[in-house]
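One structure is given below, encoded as structure tokens.
The values are calculated or read from the model by the stated rules, or taken from the named source; none is laboratory data. From a predicted model like this one, the values you see are computed outputs, not experimental measurements. Cβ sites come from the backbone with ideal geometry, for glycine too, and all protein chains shown count toward neighbours.
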Amino acid sequence: MLTRTIYLSLDPYQWGRRRSGAESVGDVCHGRTVSQVVESRTDAYAPGDYLFTTNGWQLYGLTGEGIDVFGYMFPRKVDPSVAPISTAVGILGMLGLTAYSGVVVQCRPKPGETVVVSAASGGVGQAAGQIAKLHGCRVVGIAGTAAKCDFVVKELGLDACVAHRSPSYPDDLRAACPDGVDIYFENVGGHVFEGVLPLLNQSARISLCGMISQYGDTDGRDASETWAESGKAVFSRQNVAVHRLFVRDFVADHQDRFLHEMAAWVQDGRIKYREDIRDGLDQAPAAFSALFSGGNFGKTLVRVGEDPTLA
Ligand code: NDP
């Protein structure tokens, strides 16, 4: 099939691919996309169909059927009647499944527990916080700015949000978690994680989703590997369960249930989502950099080509 790129998803792991040498100068940068079929030589897909696929950072792509990329099978049809098609690379895609797997499958939240989520206004974080709320938890977000915190509390409905760039961040977080922390969904690492560690309750659970503030330090190695190892002594003293999270491990067993539940939550408004959409493929480098400085606000996408469903 020849497919036209409509939305390109920008995700922090793409940097790791470049740094680790999985991509070299001259390669097309990898990227998940929502694309539309232009020409098809298969009976399964027809021109006009919308697909979740991997065109990468380009206007058009060629794809076959049943292609496995990091545990995801491509392409998959996207039904525009369920939700806006952009959500196939966001709340109803890998990001949503990542949040669901970490919160629900790994950490098993119980009503009344305190859950902390970092990068709480971001793509994965906004899903993680709201899923924990739906499970009856008290949820505290951590975000970079007052505007992001405002969104997290007023729009997403979390109970509190603490700005990590404030010098009083550790004290603010302690004050927002008077009963300690039972579950920590980690997206950031560094000083953000250090603020949470002393607040962990006995038998707390951590989902180590990502440590974006440390990706530049690791030559493409996974920063959470280092943390999981170095924190082992503290964690074992307090019987803290640390789960490293790789979304690909959850696709086979949990994706269908996740899609079913999340589509219903999005449709009835129990889960909200914010997208940060930049127009034009030439915006991709700047939008990608913004992920690593907090310059994005919500799930970051580039609209590469016209989205006919918006007409
Ligand atoms: P986001 O939309 O959350 O954007 C990244 C956010 O991280 C920024 O907005 C910023 O939020 C925060 N951030 C970036 N750099 C720093 C820094 N130096 N210090 C503090 N905060 C920083 O991105 P995603 O939702 O795409 O990804 C979130 C995390 O989830 C990443 O760590 C990513 O690698 C991980 N991930 C893991 C997966 C897995 O399988 N385990 C799958 C998908 C994503 P703020 O301004 O609020 O600080």
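Kindly indicate which of A233, A223, A252, A228 is near the ligand (Cβ under 10 Å from one of its atoms), out of contact with any Cys (no Cβ under 9 Å at 6 or more places or on another chain), at pLDDT below 95 and hydrophobic (A, V, I, L, M, F, W, C).
Values: A233 fails: near the ligand (Cβ under 10 Å from one of its atoms); A252 fails: near the ligand (Cβ under 10 Å from one of its atoms); A228 fails: near the ligand (Cβ under 10 Å from one of its atoms).
When all the criteria are applied, what remains is A223.
I'd like the residue in segment 141-167 that is away from the ligand (no atom under 13 Å from the Cβ) and not in a loop (DSSP other than H, G, I, E, B) and, out of all such residues, is surrounded by the fewest Cβ atoms within 10 Å (Cβ to Cβ).
K154
Name the one entry in V103, V89, V139, V82 that is over 27 Å from S213 (Cβ atoms) and of a type in the set (V, I, T).
V82
When only residues in segment 78-91 that are part of a loop (DSSP other than H, G, I, E, B) and more than 14 Å from the ligand (Cβ to nearest atom) count, which is surrounded by the fewest Cβ atoms within 10 Å (Cβ to Cβ)?
Among those that are part of a loop (DSSP other than H, G, I, E, B) and more than 14 Å from the ligand (Cβ to nearest atom), it is S81.
Please state which one of S40, S24 is at pLDDT below 95 and either surrounded by fewer than 17 Cβ atoms within 10 Å (Cβ to Cβ) or among the charged types (D, E, K, R) (or both).
One residue alone meets the criteria, S24.
Can you tell me which of (1) surrounded by 14 or more Cβ atoms within 10 Å (Cβ to Cβ); (2) part of a strand (DSSP E or B) is the one W57 doesn't meet?
Of (1) surrounded by 14 or more Cβ atoms within 10 Å (Cβ to Cβ); (2) part of a strand (DSSP E or B), only one is false for W57: (2).
State which residue is surrounded by the fewest Cβ atoms within 10 Å (Cβ to Cβ) when the search covers only segment 262-273 and only residues that are touching a residue at least 60 places away in the same chain (Cβ under 8 Å) and out of contact with any strand residue (DSSP E or B) (no Cβ under 7 Å at 6 or more places or on another chain).
The selected residue is Q267.
Taking only segment 197-211 into account, find how many residues are within 15 Å of the ligand (Cβ to nearest atom) and either touching a Leu at 6+ places or on another chain (Cβ under 7 Å) or polar (S, T, N, Q) (or both).
3
What's the total number of residues in segment 177-198 that are without any contact (Cβ under 8 Å) to a residue 60 or more places away in the chain and over 24 Å from the mean Cα position of the chain (by Cα)? Before the answer, list the steps.
Initially, segment 177-198 is screened for residues without any contact (Cβ under 8 Å) to a residue 60 or more places away in the chain, giving 178, 189-191, 194-195, 197-198.
Then keep just the ones that are over 24 Å from the mean Cα position of the chain (by Cα); that gives 178, 198.
Residues in segment 177-198 being without any contact (Cβ under 8 Å) to a residue 60 or more places away in the chain and over 24 Å from the mean Cα position of the chain (by Cα): 2 in total.
Scanning for something part of a helix (DSSP H, G or I) and of a type outside the set (S, T, Y), does segment 64-77 turn up at least one residue?
We begin by selecting, within segment 64-77, every residue part of a helix (DSSP H, G or I); these are none.
No, that holds for no residue.
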